[in-house]
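What follows is a single structure, written as C-alpha cells, with notes after it.
The values are calculated or read from the model by the stated rules, or taken from the named source; none is laboratory data. A quick note: this is a predicted structure, and the numbers were derived from the prediction, not measured. Positions of Cβ are backbone-derived with ideal geometry, glycine not excepted, and every protein chain shown enters the neighbour counts. Side chains are part of the model used for accessible areas, which takes the heavy atoms of the whole protein and leaves out ligands, DNA and RNA. Shrake-Rupley method; radii C 1.70, N 1.55, O 1.52, S 1.80 Å.
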Amino acid sequence: MTQVVATTTGLYPLPDWAKDELANLKGHQRSDLIDGEEGPEITSAYDQAREDVIEAQQAAGLDRVVEGQLRWDDMLAHPLSVHDAVETRGIVRYYDNNNFYREPVVEGELTFDGDVGAELDAAAELAEEGLQAVLPGPYSLADLATDEYYGDEAAFLDAIADFLAEEAGAFPEVETLFLLEPSLVTDPPADGGEHASEAIDTVADAIDADVVVQTYWGALEEKVYAYLLDADIDAVGHDLVSDHEQAIHNVNEYGTTDDVALGLVDGQNTLVETPAEIRERIEWFLGETTNDFETIYATPNTELLYLPDNKFEAKLDALAAATTEAIDQ
C-alpha cells in the first residue's frame, strides 16, 4: 500500500480581511514591503493571518501543515530580501507571470538570519501535528538574486546553499521540508545540474526531516533530472498540471526516489478540481510507472498565492478529501 500525504507548497494568499488591514498599515509603495523590521501592529496582523491559514489547513484535513509564508512579499526571494547583507532594488517580474518582486542584491556575507525559523516557531505553537517547512531551493534563490560579493556563479550558489542550510538547521522539529525549485525547469543549469544537485544536498543534510524537491512550471530536462536524483533527498516533485508526459518519461527512463510528490492541483487557476479528479490523476501516474512508492505527496503544482481566498480554501478541501485512503499499487 502507498501512503498518500495531502500537503501544499506554501506561499498562501492573505485572507481577505488581512489584505485590507495590511494595505492600510503598510502602505502601497515598494518601500513599504516587508523588510524584517515591521512594527507591532503589522506583526499582530500577520500573526492573526497565520492562525487563520493554519486553521484552514487543519479544518480541511491536510496531513502536513505549513506556516503559509504570508509575509513573503517577494515570494521565493524573501529569505534574501530581509537579510542585512542584501539591498533590494528595482522591481523584477517573478518568472513568467504577473507578479513582481524586489531584486535582492547580495552585497556582503550571507550569515545566519533566522527569519524563516521564527515564522516556523510561531507555527509550531499552532499546528497540532505534521508541521512542514518551506524554503526556496538554493538554485532558484540564486537565480532570483544578483551577486555583488562572492564573485562568480559557483561561489554564489555555494554561499546560498550554506545560508539556507544554516537557516534550516535552526528550524523547530518538522516532518517535512519542501525545497521549491522552479528555476531548475525555467532556467536549467548550464552544467546540466551537477552543482545544483550538490547545493540541494547541502541544505538537505542540515535538517532531520524528509526533504522534497518540488519542481514546477514544466518538467525537468533529462540531464537535470538525472543529476537531481544524485542528491540525498527523499522525494522529487513533478508538475503534472503543466507537463505530465515528460514527467512520466523522466521517471520511467531514469528512475526516481522511493517517495514522490505530485503537483495535481492547478495553483494558478481558479477552477476547483474535484476529489475524484485528483484521485484519478494519482492513479493515472501510478498506472504509467512501474515504481512501488512508499509515499506520495499530493500537492498543488505551484505556490497558491495567485488564488482568491475562497478558491484557495476550496482547493485545500478538495486535496484533503481526495487523499483520505492509501492506494493499493
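Numbers at a glance
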| read-out | value |
| --- | --- |
| Relative contact order (percent, whole number), the chain, Cα cutoff 8 Å, 6+ residue spacing | 22 |
| Förster radius 35 Å - calculated FRET efficiency between Lys223 and Asp47, Cβ distance, rounded to 0.05 | 0.20 |
| Surface accessible to a 1.4 Å probe, Trp284 within the full protein complex, Å² | 90 |
| Volume in Å³ per residue [convex hull over Cα atoms, computed for region 183-225] | 67 |
| Where only C-alpha atoms are counted, convex hull volume of region 35-132 per residue in Å³ | 122 |
| GNM top mover of Leu25, Leu157, Leu319 - the chain, alpha-carbon springs below 10 Å | Leu25 |
| Relative contact order (percent, whole number), region 77-174, Cα cutoff 8 Å, 6+ residue spacing | 31 |
| Extent along principal axes [Cα atoms of region 171-313; Å; largest to smallest] | 39, 37, 30 |
| Geometric extent, Cα atoms of region 175-254 - Rg, Dmax (angstrom) | 11.8, 33 |
| Region 196-247 - percent relative contact order, Cα under 8 Å, separation 6 or more | 45 |
| Extended-chain gain in nm, criterion 0.36 nm per residue less alpha-carbon gap, Asp208 and Arg93 | 38.0 nm |
| Among Glu167, Glu153, Glu222, residue whose mean-square fluctuation peaks in a GNM of the chain (springs only between Cα atoms under 10 Å) | Glu153 |
| The chain - share of DSSP beta bridges that are antiparallel (%, nearest 5) | 20 |
| Residue of Pro172, Pro104, Pro79 that the Gaussian network model of the chain assigns the largest fluctuation, springs spanning Cα pairs under 10 Å | Pro172 |
| Around Tyr149: net Lys/Arg minus Asp/Glu count, Cβ-Cβ under 9 Å | -4 |
| Helical segments meeting 18 Å axial Cα length and Kyte-Doolittle 0.5 threshold in the chain (DSSP H) | 153-169 |
| Rounded FRET efficiency, nearest 0.05, which uses the C-beta distance separating Glu245 from Ala154 and R0 of 30 Å | 0.35 |
| Compactness index (Cα Rg / 2.2 N^0.38 Å), region 80-175 | 1.17 |
| Overall dimensions of region 96-145 as given by Cα atoms, namely Rg and Dmax in Å | 14.5, 40 |
| Alpha-carbon radius of gyration plus Dmax, which is the widest Cα pair, for region 231-329 in Å | 13.4, 40 |
| Listed residue (Leu240, Leu180, Phe163) projecting farthest to the positive dipole end of region 140-268, Cβ model | Leu240 |
| Over 35 Å [Cα-Cα, the chain], rounded percent | 15 |
| Three principal axis lengths of region 278-326 [C-alpha, angstrom, descending] | 38, 20, 17 |
